[in-house]
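The values are calculated or read from the model by the stated rules, or taken from the named source; none is laboratory data. Keep in mind it's a predicted model, so treat the numbers as computed, not measured. A quick note on method: Cβ atoms are made from the backbone with ideal geometry, for glycine too, and the neighbour counts reach across all protein chains shown.
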Amino acid sequence: MELSPLQQARYAYQPKLPAILREKIDTIAIAKGSETKPATDAAAIKDLFPHTYGLPQVAFTKGDGSSVAKKINVGVILSGGQAPGGHNVISGLFDALKNANPESKLIGFLGGPSGILNDETREITAEFLSGYRNTGGFDIIGSGRTKLETEAQFDVCAKVCHTHGISALVIIGGDDSNTNAAVLAEYFLKTRAGISVVGCPKTIDGDLKNEFIEISFGFDTATKTYNELIGNLMRDANSSKKYWHFIKLMGRSASHIALECALRTQPNACLVSEEVEAHATSLGEVVDYLTDIVAKRAEKGLNYGIVLIPEGLVEFIPEVKALIAELNTLLAKEAAAYSVLTSWETQSEFVTNHLSAPSAMVFKDLPSDIQKQLLMDRDPHGNVQVSRIETEKMLIQMVEKRLADKKAAGTFAGKFSALNHFFGYEGRCAFPSNFDADYCYSLGYNAFLLLANGCSGYISSVSNLTAPATEWKAGGIPITMMMNMEQRHGEMKPVIKKALVDLDGKPFKYFSSKRETWAVETSFVFPGAIQYYGPTEVCDLTTRTLELEHDR
């Protein structure tokens with residue numbers, strides 16, 4: 001297979017590790033802190049996790065680590081959507097495993113969690129792994145979204161692990177995947193299966209974070225990839241001076257990606273879903289806000305600009321959220337009656353006649369193509385597929401209509417020509433930045449040390465991330481301390497709480513202090529492509545979000 005020069009160079013890159021993990025592996029010892037507990041719902045979590053509740057936070061230090069040298073087989077699963085750096089988590093895990101004992105084996109389960117249920121495996125060897133180091137994607141063993149959540153599944157997992165002599169399992173995934181890792185760890189301890197389970201924090205959306213997990217891997221690379229594209233469009237807009245670019249960015253539950261991209265590129269507008277929800281901002285108010293920015297720039301002769309929109313925005317606008325909830329219920333309850341309707345006219349009439357008056361009014365006011373997208377096939381849970389709703393197109397059409405009304409009234413004399421974009425998959429499998437390459441390798445190396453020290457029910461944690469990699473801190477956090485109880489499918493379930501944008505946090509406050517200026521002035525910043533070689537301050541740059549959170 002022919003390789004690009006960048007591929008060849010990245011294969012040869014040696015990721016940086018925290019200083020403690022650079023020590024001879026059998027001289028790294030575990031240091032336990034005090035017992036932990038979740039911030040909320042402690043009693044309920046304790047009842048559900050009697051074997052893994054209250055575990056101490058752990059760190060690594062110099063000492064006797066000779067116990068890591070025993071021969072073991074470790075299984076690894078990639079779970080959920082792709083995120084840059086997954087291959088490096090596996091690389092770090094592999095290298096630590098082999099450094100401890102060259103006879104130990106790393107066994108990958110193919111296709112995600114279904115791989116362990118179906119006993120589909122591949123041993124990861126040095127030769128096989130060499131073609132994946134420091135590259136993007138999850139193609140080394142594949143991923144999947146099968147959930148591991150029932151005792152019957154856990155029994156199968158234990159049986160398959162015993163078949164392969166696996167005594168430790170690493171699950172690389174997001175908040176739901178790591179919740180499942182905690183449940184699996186609890187079950188294995190309860191049944192004395194002899195299998196330890198450790199998780200690694202993955203999601204480009206950035207919503208798996210807290211005071212102990214500073215960032216989820218992949219977020220850095222994905223946002224840098226999007227920032228390059230946004231910067232390119234900014235340069236183009238500033239050159240042609242005739243287009244407004246409305247850009248939807250990945251992030252259904254949280255707006256971390258949109259906010260980070262705004263902090264780095266300084267667009268004319270960036271909507272933050274959490275702020276829209278907190279202020280109960282209506283769709284009309286969102287449209288008025290954007291229309292006002294377009295009009296103010298037009299008064300200055302600036303008939304162009306950039307608008308960033310988080311993927312999940314529509315679910316945070318109160319009246320649209322209510323409409324979606326009604327549609328989900330209606331199309332589930334009246335599925336048979338709706339399915340026989342073949343024309344758009346009859347489908348639209350059926351829906352509006354069965355909605356409440358407020359929701360019917362919202363539905364009628366939406367552009368027809370958005371109406372159709374709201375009625376598309378539901379996801380496996382019977383809900384609208386929000387990622388398929390072209391929110392950016394909807395806002396363009398509604399702003400266009402509002403501007404036409406203003407022009408007819410003689411209050412707008414500018415021009416408005418808009419283009420829409422959705423940046424999502426472009427960032428999920430990019431070559432990981434140096435930060436993600438180093439961070440992910442450290443997470444994997446660290447995960448092995450947790451397993452080798454019998455730490456089950458933990459998530460691999462590497463912190464102090466705005467400092468040089470040698471100053472990073474390595475350790476583990478009990479997953480139960482990050483949990484709360486939430487309503488899921490009619491039942492209260494233990495889950496890792498999604499981290500939404502904190503409107504009182506330093507990143508959002510900085511953004512809100514600047515956005516009025518960015519709205520009317522052309523303050524664009526052009527980040528350019530991810531840099532892998534050159535000055536440290538350019539190549540190892542972390543996110544603006546992390547810098548602001550750590551006062552850097």
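A few remarks follow.
- Tabulated pairs, segment 235-251, first touching a residue at least 60 places away in the same chain (Cβ under 8 Å), second loosely packed, with under 13 Cβ neighbours inside 10 Å, C-beta under 9 angstrom, 6+ apart or interchain: K241/G301; K242/S417; Y243/S417; W244/S417; M250/Y425
- Close pairs from segment 482-509: first without any contact (Cβ under 8 Å) to a residue 40 or more places away in the chain, partner part of a strand (DSSP E or B), Cβ under 6 Å, at least 6 apart: E486/V495
- The number of residues in segment 386-412 being surrounded by 13 or more Cβ atoms within 10 Å (Cβ to Cβ) and not in a helix (DSSP H, G or I) comes to 3.
- Only one entry of A447, A452, A418 meets the criterion of being of a type in the set (A, V, I, L, M, F, W, C) and either surrounded by fewer than 18 Cβ atoms within 10 Å (Cβ to Cβ) or assigned by TED's automatic domain parsing to the domain that holds Y226 (or both), and that entry is A418.
For (1) among the basic types (K, R); (2) under 26 Å from the mean Cα position of the chain (by Cα); (3) under 15 Å from V74 (Cβ atoms), each residue gets a yes or a no:
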| site | (1), (2), (3) |
| --- | --- |
| G115 | no, yes, yes |
| T121 | no, no, yes |
| T135 | no, yes, no |
| I141 | no, yes, yes |
| R145 | yes, yes, no |
| H162 | no, no, yes |
| I166 | no, no, yes |
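- Spans of strands (runs of 3 or more DSSP E) in segment 1-102 with at least 2 residues surrounded by fewer than 16 Cβ atoms within 10 Å (Cβ to Cβ): 28-35, 56-62
- Any pair with Cβ under 6 angstrom, 6 or more apart, that starts in segment 1-27 at a residue that is of a type in the set (D, E) and ends at one that is assigned to a loop (DSSP other than H, G, I, E, B): D26/G65
- Residues that are assigned to a helix (DSSP H, G or I) and surrounded by 20 or more Cβ atoms within 10 Å (Cβ to Cβ) do not occur anywhere in segment 455-466.
- Out of K498, K493, sole residue that is among the charged types (D, E, K, R) and either assigned to a loop (DSSP other than H, G, I, E, B) or on the phi > 0 side of the Ramachandran plot (or both): K498
- If you go through segment 501-541 and keep only what is assigned to a loop (DSSP other than H, G, I, E, B), small (G, A, S) and either more than 16 Å from T265 (Cβ to Cβ) or not assigned by TED's automatic domain parsing to the domain that holds E274 (or both), you end up with G505, G534.
- Checking each residue of segment 17-37 against the condition of being closer than 29 Å to Q153 by Cβ, in the same structural domain as T470 (by TED's automatic domain parsing) and not acidic (D, E) gives at least one match.
- Verdict on D377 being among the charged types (D, E, K, R), in a loop (DSSP other than H, G, I, E, B) and outside the structural domain of A269 (by TED's automatic domain parsing): yes
- Screening L331, L302 for residues that are surrounded by 19 or more Cβ atoms within 10 Å (Cβ to Cβ) and either within 24 Å of the chain's Cα centre (by Cα) or of a type outside the set (D, E, K, R) (or both) leaves exactly one candidate, L331.
- Among the candidates A193, A237, A185, A168, the residue that is at pLDDT 95 or above, over 30 Å from L302 (Cβ atoms) and part of a helix (DSSP H, G or I) is uniquely A185.
- Taken together, the residues in segment 114-151 that are assigned to a helix (DSSP H, G or I) and more than 19 Å from A181 (Cβ to Cβ) amount to 4.
- Tally of residues being more than 22 Å from Q397 (Cα to Cα) and under 35 Å from the mean Cα position of the chain (by Cα) across segment 352-375: 2
- Applying the condition of being hydrophobic (A, V, I, L, M, F, W, C) and part of a loop (DSSP other than H, G, I, E, B) to segment 196-228 and asking which residue is surrounded by the most Cβ atoms within 10 Å (Cβ to Cβ) yields I204.
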